[in-house]
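The values are calculated or read from the model by the stated rules, or taken from the named source; none is laboratory data. Worth saying up front: this structure is predicted, and the values here are computed from it rather than measured. Glycine gets a Cβ as well: all are built from the backbone with ideal geometry, and neighbour counts include every protein chain shown. Ligands, DNA and RNA are stripped out before the accessible areas are found, and what is left, the full protein with its side chains, is counted by its heavy atoms. Shrake-Rupley method; radii C 1.70, N 1.55, O 1.52, S 1.80 Å.
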Amino acid sequence: MAVRTISPDVYSIGAIDWNLRLFDALIGTPEGTSYNAFVVKGTGKTALIDTVDPAFEESLLKNLMRIGISSLDYIVINHAEQDHAGSLPLLLDMFPGATVVADEKCRDLLGRLLDVPEDRVTVVKDGDTIDLGGKTLEFIVAPWVHWPETMMTYLKEDGILFSCDLFGSHLATSELFVRDFTKVERMAKRYFAEIMMPFRSSVLAAMQKVAERDVRIIAPSHGPLYDDPSLILDVYAEWTSDTVKNLVLLPYVSMHGSTAKMVSYLTDALIERGIEVQPYDLSKSDLGDIAMTTLDAATIVIATPTVLFGPHPVALNAAYILSALRPKTKFISVIGSFGWGGKTVQTLVDTLSHLSAEVIDPVYIRGYPTGEDLAALNVLADTILKKHEGLLTRSQEGSG
Ligand SMILES: Cc1cc2nc3c(=O)[nH]c(=O)nc-3n(C[C@H](O)[C@H](O)[C@H](O)COP(=O)(O)O)c2cc1C
């Protein structure tokens, strides 16, 4: 993997994982990812900031050699997750004089996850600094910007924020800095929806700390870097806001066509009312795309038949994940078809209860939809329209 210079004596030496297609055995990564690691050389001391996934530890060592590093003074660990800290045990063997720099919670997790001895770790607090000689590292503790121990590191003289997972994207690219933001924005949005959305208030607190500093370069731990920070800061301001769009997310599954017919009818009914709608056939769709849509959707309608007295397991899985991601969705509903009975609607409403969204009356029918059932879907579309108009009015009053 190539070494790239970010600014004088600051290098990007991480690894690009071009072929990764599934991260954490959960998240699709259609465009691969990178594990970014950085070296900052001061006149007196040298620091490595984060490591790489252990599968790439050899390439990290080679890159250290390429830039003439024979000893490391500090290894800053912003996040204990293995894709960033996983090469630490090898590095601690290779560089016996190196001290790990981490916050207290991170020290604890490094011990538990990677068996890193406590006496190799120097604990830092929010605002602490280390002077490398003409290069000052400031540590910005950012709990729950993914995990409880996360922190960021700010290189004062160069205005570089090593932001850890914040502002990251799962994107393998040969570009060090973002050049085509339209492409990167999609991957950054997906990353935000899948990783950061459950921690929106913590992200906002971290962004406040970023705003207090003169940040000229943002260097996240996944994906390309930003030499125009406003690109990513502006979209994050929107994503972390409470604003939702006049959009319905409609994830569905259907075995024999009854629920599919209802989805198709409701989709048209929403379009006719000027409401944007995004149906996803759960048997074919990527959860990352669905997660991204939840970021904007004012309403989620889950459509499923009853299977073994409850929702189809694919729909239940989607509801569970959507609930865990805690989108800012304001309204939820359920539509679908059953044969004889079950607890589908209640199970889904209970599963989505984390969202604190208002439940709009479900349309749950027996068998193939009749004219009366389709009329009920028109009523549902009318209700969604009224609810969305109410949101718009409230937000206009709020801004007026
Ligand atoms: C494997 C299987 C299990 C089912 N279990 C139930 C059930 O527990 N309760 C029920 O009311 N209907 C049950 N049904 C019937 C379906 O809910 C019903 O046929 C429904 O109309 C199918 O909708 P779809 O055409 O959208 O797949 C089951 C159907 C299948 C194929």
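Modelled spin-label separation between residue 382 and residue 368, with each label point placed 7 Å from Cα along the Cα-to-Cβ direction: 2.7 nm. Helix check for the chain. Which DSSP H runs span at least 30 Å along their own axis by Cα, with a mean Kyte-Doolittle hydropathy no less than -1.0? Answer set is 371-399.
Cα-based radius of gyration for the stretch 275-388, normalised by 2.2 N^0.38 Å, reads 1.01. Look at the alpha carbon pairs under 8 Å that are at least 6 residues apart: their mean separation over the length of the stretch 245-392 gives a relative contact order of 27 percent. Taking Cα centre as origin and charging only the Cβ of basic (Lys, Arg, +1) and acidic (Asp, Glu, -1) residues, the dipole magnitude of the stretch 4-240 rounds to 320 debye.
For every helix of n ≥ 4 consecutive DSSP H residues, a contribution of -39,500 (n - 2.57) applies; sum these over the chain, divide by its total residues, and give [θ] at 222 nm rounded to the nearest 500 deg cm²/dmol.
That calculation yields -10500 deg cm²/dmol at 222 nm.
Annotation for the stretch 250-329: chymotrypsin sites (Phe, Trp or Tyr not before Pro) lying in DSSP loop with at most 14 further Cβ atoms inside 10 Å of their Cβ are 309. FRET efficiency for the pair residue 2 and residue 228, taken as 1/(1 + (r/R0)^6) with r the Cβ-Cβ distance and R0 = 22 Å, rounds to 0.50. Considering only 154, 188, 210, the residue lying farthest towards the positive end of the dipole of the stretch 118-230 is 188, judged by Cα position with unit charges set on Cβ. For the chain, just list the percent of Cα-Cα distances falling in each 10 Å bin from zero outward, please. Computed distribution, short to long bins: 5, 22, 27, 19, 14, 9, 3, 0. Applying the criteria of a DSSP loop state and at most 16 other Cβ atoms within 10 Å to the GluC sites (Glu not before Pro) of the stretch 180-280 yields 212. Computed over protein heavy atoms with a 1.4 Å probe, the accessible surface of the stretch 35-171 works out to 36 Å² per residue.
Mean-square fluctuations from a GNM of the chain, with a 10 angstrom spring cutoff on Cα atoms, peak among 115, 103, 158 at 115. Between residue 389 and residue 67, the FRET efficiency estimated from the beta carbon spacing at R0 = 60 angstrom works out to 0.55.
Measuring nothing but how far apart in sequence close Cα pairs (under 8 Å, 6+ apart) lie, relative to its length, the stretch 177-246 scores a relative contact order of 36 percent. For the stretch 289-400, the per residue solvent-accessible surface stands at 46 Å², with DNA, RNA and ligands left out and a 1.4 Å probe. Computing FRET efficiency as 1/(1 + (r/R0)^6) for residue 340 and residue 284, where r is the C-beta to C-beta distance and R0 is 30 Å, gives about 0.60. Taking the centroid of alpha carbons for each part, the stretch 67-140 and the stretch 310-357 are 43 Å apart.
Peptides 360-366, 239-245 ranked from most to least packed give 360-366, 239-245, packing being the mean of other C-beta atoms within 10 angstrom over each peptide's residues. For the chain, which whole-number percentage of the solvent-accessible area (1.4 Å probe, protein heavy atoms only) is attributable to carbon and sulfur atoms? About 52 percent, which is the carbon plus sulfur part of the accessible surface.
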